[in-house]
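Scroll down for the structure; my scribbles are underneath it.
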Amino acid sequence: MVQAYIENRQEIQRNREISAAVINISGRQRMLLQRTALFCFRLVYSQNETDRRIWRNRLLDTINLMEKSHKDLIYGDPSINLPGITSESIRDMYFGSPMMADYSVRQYITAVEKLVEAPAAELNLDNPHFYYVQSAASYELLDILDTIVSQYEKESNAQLERLYGQQEALYRQIANAAAVAQAQTQELEKLMLELKQSQLQVIHAEKMSSLGQLLAGVAHEINNPVNFICSNLIFARQYTQELLGILNLYTQTYPTPPPEIQEEVETIELEFLLHDFPKLLDSMKLGTNRIVNIVKAIKNFSRIDSADLQPADIHESIDSTLVILQHRLKGRGEFSGIEIVKKYEKIPPIYCYPGQLNQVIMNILSNAMDVLETQPAPRIITIRTQVRQEESVAIGIADNGPGMTEQVIEKIFEPFFTTKPIGKGTGLGLSISHKIIVEKHEGSIWCVSEPGKGTEFWIELPIEGGVGSLNSAMIPETKVAFSEITYHR
Ligand SMILES: Nc1ncnc2c1ncn2[C@@H]1O[C@H](COP(=O)(O)OP(=O)(O)OP(=O)(O)O)[C@@H](O)[C@H]1O
Ligand SMILES: [Mg+2]
């Protein structure tokens, strides 16, 4: 197609050159015609033989030129771009009646030759050849030549118009093909990018799910021995009470023990031991309770979603996630820690994929912790939950960090957008969260942020099944399952 376009342009150029050459030579013919007529006058009016010789020679030169131009116009001359006769209608003008241009030109040349050959005595205004030359040069032959030129021009213009039409069609075809190719390239590039992104997201999701499975496995393994310790601690406390009771009874029954027992009592500091042992058991109970809660949080956080939406307690999800992230909240060295403020309202369970939802909460909380870690105290994350129009539940996670500029806000949900240094952020957290909330849950996720004013992310999820049907299962606002991670000032 491009080759055809190039050839078409070359043909247009060729046509223009030919047309210019034909018009040029035809103009020359016209000029030679008038010149011969003038020279004939000069010949006839010459007063002496010297002048006559001059004009005879000039006339012969002129008709030679005229004959050559005439032949060139009929048979062509590639050296000056003349194609010869280009159409039947022009051929007719040269060789057919009524014009018979070829015959007329020859007749004219013959007439000039005859006049040139005429003796001086016959060179006067009544000479028939002179008369013929004058009338042909002024009217008949001039008209014929003009008619042929305008026919040439007409045909050449028509040909050019046809070629321009072809050029336009070819140009349109090329432009269309280019547009199609460009669209295809863009589509291909988009597909490649999507493929790359979904590959990385799959890898990320796989990693998260393997991590979840690993966590769930570890939690499961820890769960049994911890439960074992926990339930045995109850008996240990009971047996201790009983043993201490017996010891008490002995002391009362035998207030004065033999010296070796008295010595041992002092060595082991029995008084202190009796006082401290129940406290020790209590703190062991507290410790194991904390382990039980952490294991429960891990199990809750890393639950493997089934194919269907299931009712979940959002507060439990948030609290479990906070347990997992607890190490990042605690103060260490210069860093005085992050305070979590919970403003939970009564909300119903919502139908969701709890494991995926936990991941979203984790991503938003992690981002808040990332920015707060670089900020001076106070560092506060405020978590709000509320029911909206009895149809959806909104979860707000706000931080008093540096906030974001409009340019950053515009891009946060784009895959791979990150402002964090290489190795710290992949830029996938919020894009995956967006996918989970919008595509998997038909919910929405947005953020409100301004430089210097902190950031608040909001997630809104529909309560599938309706608030009414779930009212009986309202989650109490006061339920804070893992109070040990709530730092109130
Ligand atoms: N709470 C926030 N305060 C300020 N900027 C934030 C906050 N949350 C997100 N951002 C901005 O949004 C960008 C994208 O966040 P996203 O979670 O998608 O990726 P990331 O945290 O950079 O990397 P990843 O989560 O994959 O480790 C962050 O790099 C940061 O610039
Ligand atoms: Mg992130």
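The values are calculated or read from the model by the stated rules, or taken from the named source; none is laboratory data. What you are looking at is a predicted structure, and each value in this text was computed from that prediction instead of being measured. Cβ sites come from the backbone with ideal geometry, for glycine too, and all protein chains shown count toward neighbours. Protein only, heavy atoms only, side chains kept; ligands, DNA and RNA dropped before computing areas. Shrake-Rupley method; radii C 1.70, N 1.55, O 1.52, S 1.80 Å.
Quick look at the numbers
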item	result
Heavy-atom accessible surface of the stretch 307-489: percent carbon and sulfur, 1.4 Å	51 percent
Computed over the chain: relative contact order in percent, which uses C-alpha pairs under 8 Å that are six or more apart	11 percent
Fraction of beta bridges assigned by DSSP in the stretch 319-472 that are antiparallel (%, nearest 5)	80 percent
Links that overshoot a 30 Å alpha carbon limit, given the list LYS285/LYS330; LYS296/LYS346; LYS190/LYS453; LYS296/LYS440; LYS279/LYS343; LYS196/LYS424	LYS190/LYS453; LYS279/LYS343
Residue-averaged 222 nm ellipticity for the chain, from DSSP H runs of 4+ at -39500 (n - 2.57), nearest 500	-22000 deg cm²/dmol
Counted charge near SER19, where neighbours are those whose Cβ lies closer than 14 Å (Asp, Glu -1; Lys, Arg +1)	-1
Per residue, in Å², the accessible surface of the chain once ligands and nucleic acids are set aside, probe 1.4 Å	58 Å²
Summed side-chain charge close to ILE80 - residues other than ILE80 whose Cβ falls under 14 Å, Lys, Arg +1, Asp, Glu -1	+1
Whether the chain is rounded, prolate or oblate, judged on the alpha carbon gyration tensor where a/c under 1.5 counts as rounded	prolate
Gyration tensor verdict on the stretch 185-306 (Cα atoms; rounded if a/c is under 1.5, prolate if a/b is larger than b/c, oblate otherwise)	prolate
Shape category assigned to the stretch 2-181 from the gyration tensor of Cα positions, a/c cut at 1.5	prolate
Where chymotrypsin sites (Phe, Trp or Tyr not before Pro) fall in DSSP loop in the stretch 147-236, at most 10 other Cβ within 10 Å	none
Furthest towards positive pole of dipole, GLY84, VAL180, ASN15, structure part the stretch 2-181, Cβ charges	VAL180
Accessible heavy-atom area order of ARG35, ARG172, ARG328, highest first, probe of 1.4 Å	ARG172, ARG35, ARG328
Net +/- balance of residues flanking VAL226 in space, Cβ distance below 14 Å, scoring K and R +1, D and E -1	+3
Percent carbon-and-sulfur accessible area, the stretch 2-181, ignoring ligands, DNA and RNA, probe 1.4 Å	53 percent
Of TYR132, HIS70, GLY217, farthest towards positive along the dipole that unit charges on Lys, Arg, Asp, Glu beta carbons give the chain	TYR132
